[in-house]
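See below for the structure under consideration.
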């Protein structure tokens, strides 16, 4: 994949980083929810990186194809976590800034 196409794809609302997806799954688990579709997205594999990409697996990007119902649950859980001050193992120092907005943007994207 060439860099221009990769950047263009990664800038779409349906593409999330491995880190964001793993932290979202942690929030879902903490709330007693789950998302098999989100877990399957991680297992399905990342977007192919340009040949000279220097990042490791932590920089993987994934294109999601979730239903509006699945995304509504995620938005609800993430918004509640932010309101309650809940953090994940990797967000304790920075909080959940951007999580709700990213999931809401994806929700609007799939709504059309």
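The values are calculated or read from the model by the stated rules, or taken from the named source; none is laboratory data. These numbers come from a predicted model, not from an experiment. Methodologically, a virtual Cβ is constructed for each residue, glycine included, from the backbone with ideal geometry; neighbour enumeration extends over all protein chains shown.
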Counting only residues that are part of a loop (DSSP other than H, G, I, E, B) and surrounded by fewer than 16 Cβ atoms within 10 Å (Cβ to Cβ), how many does the stretch 1-45 have? 10
Any residue in the stretch 26-38 that is within 12 Å of the chain's Cα centre (by Cα), farther than 16 Å from residue 61 by Cβ and free of Cβ contacts under 8 Å to residues at least 24 places away in the same chain? no
Quick check on the stretch 74-92. Is at least one of its residues at pLDDT 95 or above and closer than 30 Å to residue 2 by Cβ? no
Looking only at the stretch 67-112, filter to residues that are assigned to a loop (DSSP other than H, G, I, E, B) and farther than 15 Å from residue 27 by Cβ; which one of those is nearest to the chain's Cα centre (by Cα)? 67
Is it true that residue 54 is surrounded by fewer than 15 Cβ atoms within 10 Å (Cβ to Cβ), in contact (Cβ under 8 Å) with a residue 40 or more places away in the chain and part of a loop (DSSP other than H, G, I, E, B)? no
